[in-house]
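S.K.: Below you will find the structure I want to go over with you.
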Amino acid sequence: MKHLIKAALAVAIVPFVVIGCSSSPQKGMTTADGKRIYIPREKIIIERPIPPKVIPNSYHHWSSVSYNLGLARDYDQFLQRNQVGNIIPMHELLRTARDWQKCGRSEYMVPTRELWNNQIPTLRVFKYLVAAKVLTDFEVTSVYRDLPLNKCAGGANSSRHLFNSAIDFRIGPQYPRAEDYAFIEATKFKLCQFWSQHGQSFNMGLGLYASGQIHIDTQGFRTWGPDLSRRSSMCNYNSDF
């Protein structure tokens, strides 16, 4: 993971600001005369402007139907009462799957009421990630899916999206530029640090799909990568991590 971040930093056009370095020791090295020295581990913090969230016209159109608007308001009020409202904009939180159109389903969907409670633990994790600035520039792409859409979109039969307990998102813009990759890799690094330190207490799952989408749920402490196994997880630390 670390060598990916270094490579991305080396090739990026740098509009970022490095605002801090830490001093914890890294691996020891030996000089020519046999003396042991230590090289400090750099801790790079990248700041960049966060683009504003824009409500798409498709959501305006969907919510113009009074039935949809009423359900969305009820769900929003439920989340507010449980202190997990306003973490993710409603137009993102109600997104179903990126393949909704191909599957002939709706782009937005309010989960059935008996599933509302399932999202609270995952939103709490998301709340911590945003508050700690682990996640800053992100866009949620898939949350709840009904059975026909999940099957059409290639989701697992036991997908956490069916139970409204998972969130998929991407880091940075939909079409990254060269200067975005350092930020994307640094954010993945911070996500893995969080998962390693706190994931077990949150029962947190963290996965990276081949599409670049990242998955978070609170249905089991585990991690996986594009081949859906731990072997390809972005959180498989190298010896120089």
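The values are calculated or read from the model by the stated rules, or taken from the named source; none is laboratory data. Small disclaimer: the values here were computed from a predicted structure and weren't measured. Cβ: placed from backbone, ideal geometry, glycine included. Neighbour counts: every protein chain shown. Note: areas computed on protein heavy atoms with side chains; ligands, DNA, RNA excluded. Shrake-Rupley method; radii C 1.70, N 1.55, O 1.52, S 1.80 Å.
S.K.: Please report, as a whole percent, how much of the solvent-accessible surface of the stretch 86-136 comes from carbon and sulfur atoms (probe radius 1.4 Å).
M.R.: On the way: 1160 of 2480 Å².
Of the solvent-accessible surface of the stretch 86-136, carbon and sulfur hold 47 percent.
S.K.: Quick one: putting +1 on the C-beta of Lys and Arg, -1 on the C-beta of Asp and Glu, what dipole do you get for the stretch 56-167 around its Cα centre, in Debye to the nearest 20? Walk me through the intermediate numbers first.
M.R.: Working: 13 positive and 9 negative charges, 42 e Å.
I would put it at about 200 debye.
S.K.: Hey, what's the per residue convex hull volume over the C-alpha atoms of the stretch 146-225, in cubic angstrom? Walk me through the numbers before you get to the answer.
M.R.: Details: hull volume 7.5 nm³, N = 80.
So the per-residue hull volume is 94 Å³.
S.K.: Return the sequence-ordered ³J(HN,Hα) values of the stretch 56-73 in whole Hz as given by the Karplus equation 6.51 cos²θ - 1.76 cosθ + 1.60 applied to θ = phi - 60°, using x for Gly and Pro.
M.R.: x, 4, 4, 6, 4, 5, 4, 7, 6, 7, 4, 4, 5, 4, x, 5, 4, 5
S.K.: For the pairs K133/K190; K53/K127; K127/K190; K53/K133; K53/K151; K127/K188, flag any whose C-alpha to C-alpha distance is greater than 21 Å. If you can, show how the numbers build up before the last one.
M.R.: Details: K133/K190 9 Å; K53/K127 17 Å; K127/K190 15 Å; K53/K133 17 Å; K53/K151 30 Å; K127/K188 17 Å.
Beyond 21 Å: K53/K151.
S.K.: Here's a follow-up. If you take every residue apart from V143 with its C-beta less than 11 Å away from the C-beta of V143, what net charge results, scoring Lys and Arg +1 and Asp and Glu -1? Intermediate results must be reported in sequence, preceding the final value.
M.R.: Numbers: positive: R95, R145, R160; negative: E92, D168, D217.
Within the 11 Å Cβ shell, the charges total 0.
S.K.: Among residues other than Y75 whose Cβ falls under 14 Å from its Cβ, what is the net charge (Lys/Arg +1, Asp/Glu -1)? Don't skip to the answer; put the middle values down first.
M.R.: Details: positive: R73, R81, R95, R113; negative: D74, D76, E92, E114.
Net of charged neighbours comes to 0.
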